[in-house]
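The values are calculated or read from the model by the stated rules, or taken from the named source; none is laboratory data. Please read all numbers here as calculations on a predicted model, not as lab measurements. Counting neighbours? That spans all protein chains shown, and the Cβs are built from the backbone with ideal geometry, glycine included. Note: areas computed on protein heavy atoms with side chains; ligands, DNA, RNA excluded. Shrake-Rupley method; radii C 1.70, N 1.55, O 1.52, S 1.80 Å.
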Amino acid sequence: MHETTAITTPSWDDLLTTALLGTDRRPLPAPPAPHDGRAAPLALLDAAAVATVRRRAGLRAGPAAPRPEPAPEDPRPPLPARAARRLTALLTDRSAAGTRRGSTPDLTELLPQWLAAANAYGYAPPPHLLPALLDAARGRTDLRPAALEFAGPRALWLSRLNPDWRFARRTAPGGSALPDPEDGEAVRQLWQEGLFAERVAVLTAVRSHAPAKARELLESTWPTERAEDRLMFLDSLRANLSGADEPFLERALADRSRNVRATAAELLSALPGSALAARMAERALTCVALDHTGAEPTVVVEAPHVCDAGMERDGVAARPPKGRGERSWWLGQLVEAAPLGVWSARLGGRTPEEIVALPVADGWQEELHAAWCRAAVRQRDAEWARALLGPPAAPEAGGPGAVSLADRTRLLTTLAAAERAEWAAGFIARHGLSEAFQLLGACAVPWAPSLGRAVVDALDIAREAGSYPWSFSGVMGLAERCLDPAETTRLDALLARPEEREDGRPGAGGYWAEAFQRLATTLRLRTAMAEELIPEGA
């Protein structure tokens, strides 16, 4: 008879312990044949492989998970086939990533424009493109509102299946649509029980539909909210701000949070008829007067000497930023919060344009005019904005009242779109593009014909001057997205490679030809995109 030697099969815990301690310190229960120095470690791996197969083979199938609910129906009309192919290209384009673009359009920059147009038609996306669309929105927060609107109810359904897309659920409770603003009970329940982002979303929605109901909603929980949440909720009152909000905002002036008090004061100062605006006007008028003793009327300024408790309660920050004088800091805050309508009577019945043209004594002009700029933007006063902007031909650093190009950009936003474009076109025609990027960003899209012509002409002038096009890459990028495609024909004359100038930069002509070719190609592409979205048969 042959004796059978029992071979101990190590358990998984034994194998794990041996692996952690090492085979030198804890040998396997069944040591391998000593055919070389690696026998023990190799045997450990072999034993682990056998144990793994044994464990898997012995597993019993678990109960099947419940199948997900079917995706909701999307009642919107399907995207035309040509537009669907274009969307695929926009979502998968990588041509500009990490390489010089040359004359190739950057398709990823056209995606926001495409989504806005598709949403205007009310199309539903092809289901197979939803994952790529959500991935794009995940990587670019600027795409999310338009992408989620286009994706529709199926985006929320998909977001429950992939945690990478959970951002789609942040705009609605539990991944469902926001309640109808008229459904008071559902709105109140979400307001009381929802997450912070959900509460902001519902408050914003109700505010746009019924401002008074939104304010009542906020008042109902105001004392129990955290300071940082109160600040965000209060900011939602900027939409549809009216005199009816004044009592609530007056109470917020006594809030425990300095930031909440400052925001409440800012909102009240945007209401020229508010009690706070009247108090600030009374203080500001004591600081500014008209002096007739000289050869011509002159504005004189006597800035506040102290910041009292009443000023602080009304939103005046007592401590100035580093490098700023206290008195000028206090003066600026008083003037920007005072209704602009009070200055005509104070300064001899003059119009805003005449007031801005007055000399200001003792070096106070910059501070006074900058405060008027902020007041014009806050109060959306177009007449004062025009006066402070001055003509487009004024020096780049500022018009009669604006002290910086940033001030001018903010003032432009108070004007109607057509007037804004005309002013920016005049500025570019006089000063070129070196200081125009901020102004162009404030103009409506697509650019008005006059503005588009001014931009193209200024780019041509820069090319003739022999500079490199990447000095104007920001403007070029804006032009690709904002220039009216009708301007394409004007670019044809700029596509040829010009002769190199002796005093120009090497290769600049070729780079300009590439840049204009890319601009023209992008405009033609935008034209094609718009045509592809037209309903079939229309």
- [ ] Could you tell me whether the range 96-110 includes any residue that is modelled with pLDDT of 90 or more and either loosely packed, with under 14 Cβ neighbours inside 10 Å or not charged (D, E, K, R) (or both)?
- [x] yes
Task: Some residue of the range 350-358 being surrounded by fewer than 21 Cβ atoms within 10 Å (Cβ to Cβ), of a type outside the set (Ser, Thr, Tyr) and in contact (Cβ under 8 Å) with a residue 60 or more places away in the chain - done: yes
Open item on the list: Can you confirm whether residue 67 is of a type in the set (D, E, K, R) and either surrounded by 12 or more Cβ atoms within 10 Å (Cβ to Cβ) or under 31 Å from the mean Cα position of the chain (by Cα) (or both)?
Closed with: no
Task: Top-ranked residue of the range 509-525 - restricted to ones that are touching a Phe, Trp or Tyr at 6+ places or on another chain (Cβ under 9 Å) and open to solvent by less than 20 Å² (accessible area, probe 1.4 Å), ranked as farthest from residue 484 (Cα to Cα) - done: 512
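Residues checked against (1) of a type in the set (Asp, Glu); (2) under 20 Å from residue 344 (Cα atoms):
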{"position": "241", "(1), (2)": "no, no"}
{"position": "272", "(1), (2)": "no, yes"}
{"position": "279", "(1), (2)": "no, yes"}
{"position": "287", "(1), (2)": "no, yes"}
{"position": "295", "(1), (2)": "no, no"}
{"position": "300", "(1), (2)": "no, yes"}
{"position": "304", "(1), (2)": "no, no"}
{"position": "309", "(1), (2)": "no, no"}
{"position": "326", "(1), (2)": "yes, no"}
Task: Set 317, 265: member being under 22 Å from residue 375 (Cα atoms), in a helix (DSSP H, G or I) and not aromatic (Phe, Trp, Tyr) - done: 265
TODO: Looking for whichever is open to solvent by 30 Å² or more (accessible area, probe 1.4 Å) and out of contact with any Lys or Arg (no Cβ under 8 Å at 6 or more places or on another chain) here; the options are 293, 221, 263. Which one fits?
DONE: 293
Task: Residues that are open to solvent by less than 20 Å² (accessible area, probe 1.4 Å) and touching a residue at least 40 places away in the same chain (Cβ under 8 Å), drawn from the range 242-260 - done: 253
Open item on the list: Given the criteria free of Cβ contacts under 8 Å to residues at least 40 places away in the same chain and out of contact with any Asp or Glu (no Cβ under 8 Å at 6 or more places or on another chain), does residue 313 qualify?
Closed with: no
TODO: Would you mind telling me which numbered condition in (1) touching a Phe, Trp or Tyr at 6+ places or on another chain (Cβ under 8 Å); (2) part of a loop (DSSP other than H, G, I, E, B); (3) farther than 24 Å from residue 406 by Cα residue 311 fails?
DONE: (2)
Task: Residues (farther than 15 Å from residue 85 by Cβ and among the small types (Gly, Ala, Ser)) located in the range 106-140 - done: 116, 117, 120, 122, 124, 136, 137, 139
Task: Subset of the range 458-471 [closer than 16 Å to residue 491 by Cα and surrounded by fewer than 17 Cβ atoms within 10 Å (Cβ to Cβ)] - done: 460, 461, 464
Open item on the list: Based on this model, can you work out whether residue 340 counts as assigned to a loop (DSSP other than H, G, I, E, B) and open to solvent by less than 80 Å² (accessible area, probe 1.4 Å)?
Closed with: yes
TODO: Check off (1) touching a Pro at 6+ places or on another chain (Cβ under 7 Å); (2) surrounded by 18 or more Cβ atoms within 10 Å (Cβ to Cβ) for residue 210 and give me the number that stays unchecked.
DONE: (2)
Open item on the list: Looking at residue 276 and the list (1) under 26 Å from the mean Cα position of the chain (by Cα); (2) open to solvent by less than 50 Å² (accessible area, probe 1.4 Å), which single condition is not satisfied?
Closed with: (1)
Task: Residues of the range 275-299 satisfying the condition of being outside any helix (DSSP H, G or I) and closer than 19 Å to residue 371 by Cα - done: 286, 287, 288, 289, 290, 298, 299
- [ ] Would you check if there is a residue in the range 395-415 being modelled with pLDDT of 95 or more and within 30 Å of residue 495 (Cα to Cα)?
- [x] no
Open item on the list: Among the residues that make up the range 300-312, is at least one of them under 32 Å from the mean Cα position of the chain (by Cα), of a type in the set (Asp, Glu) and open to solvent by less than 70 Å² (accessible area, probe 1.4 Å)?
Closed with: no
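Table: residues versus (1) outside any helix (DSSP H, G or I); (2) surrounded by fewer than 16 Cβ atoms within 10 Å (Cβ to Cβ); (3) of a type outside the set (A, V, I, L, M, F, W, C); (4) at pLDDT 90 or above.
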residue	(1), (2), (3), (4)
446	yes, no, yes, yes
453	no, no, yes, yes
456	no, no, no, yes
486	no, yes, no, no
493	no, yes, no, no
503	yes, yes, yes, no
528	no, yes, no, yes
538	yes, yes, no, no
TODO: Could you run through the range 428-444 and say how many residues are open to solvent by 80 Å² or more (accessible area, probe 1.4 Å) and assigned to a helix (DSSP H, G or I)?
DONE: 4
